[in-house]
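See below for the structure under consideration.
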């Protein structure tokens, strides 16, 4: 009888352990985008998880003027200007937060960087026509303003598929710039990739004598994106 009792107790304990393990797995699955990244995920998440350590000059006079960024008659430039613009887009950006976080996890790209590009390119969709095209460029499409002349666009303009396409292209640019300029730092690779996102992937663009951003229409694309990303990383767009 004692043996039967002990065997019964052992089976009950094992069953409880099994159910507990299944419950933990189900909880992790249902938690979805709310769970924190594991230590292993953090290690391999993205080399740009240290956005706050990157140097950036923020917005230029071109961007400040276009957005009427003034205080007592003077333009608000630099990182402060970038933060003001990123904050303006924070509420509309929240509509796309889940999609941005999903893409960030899938591609191991910092969600704040994705959000910053969406802010810079379309003011979180506020500068788009109802059909998703840019107000000032009929060829640019969606939240991340992908140029239809050079890319077969994927998904609807406000969709996760679209965000995935733009982010995947940025990663491609980062890898290409890294191969072209292995002597550069990771920060320079990112800035070079952001410039190429805006002006095209050409090796000679990286040989520019001076600040790479001077080749972009607003003279600040890479630096403004990084400054906005630093803001979004502290405001809900971090895994």
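Where a number appears in this text, it was derived from the coordinates with a stated rule and is not lab data. Given the structure is predicted, the values throughout are model-derived calculations rather than measurements. Please note: Cβ atoms are built from the backbone with ideal geometry, for glycine as well, and neighbour counts cover all protein chains shown.
Give me 87, 191, 95, 205 sorted ascending by neighbouring Cβ count inside 10 Å, so fewest comes first.
Lowest to highest Cβ neighbour count: 95, 87, 205, 191.
Just want the ordering: 204, 211, from fewest to most Cβ atoms lying within 10 Å of their own Cβ.
Lowest count first: 204, 211.
Just grab the label-to-label distance for residue 74 and residue 181, each label 7 Å out from Cα along the Cβ direction, in nm (one decimal).
3.2
Which distance in Å, rounded to a whole number, links the C-alpha centroids of the stretch 156-173 and the stretch 64-124?
16
Rule-of-thumb check for the stretch 40-233: C-alpha Rg over 2.2 N^0.38 Å?
Rounded to two decimals, the normalised Rg is 0.96.
Under 10 °C and 1.306 mPa s, how fast does the stretch 120-162 diffuse according to Stokes-Einstein, given a Kirkwood radius computed over C-alpha pairs? Answer in µm²/s, whole number.
Rounded to a whole number, D works out at 160 µm²/s.
Provide the FRET efficiency to the nearest 0.05 for the residue 199-residue 91 pair, computing r from the beta carbons and using R0 = 22 Å.
The computed FRET efficiency comes out at 0.15.
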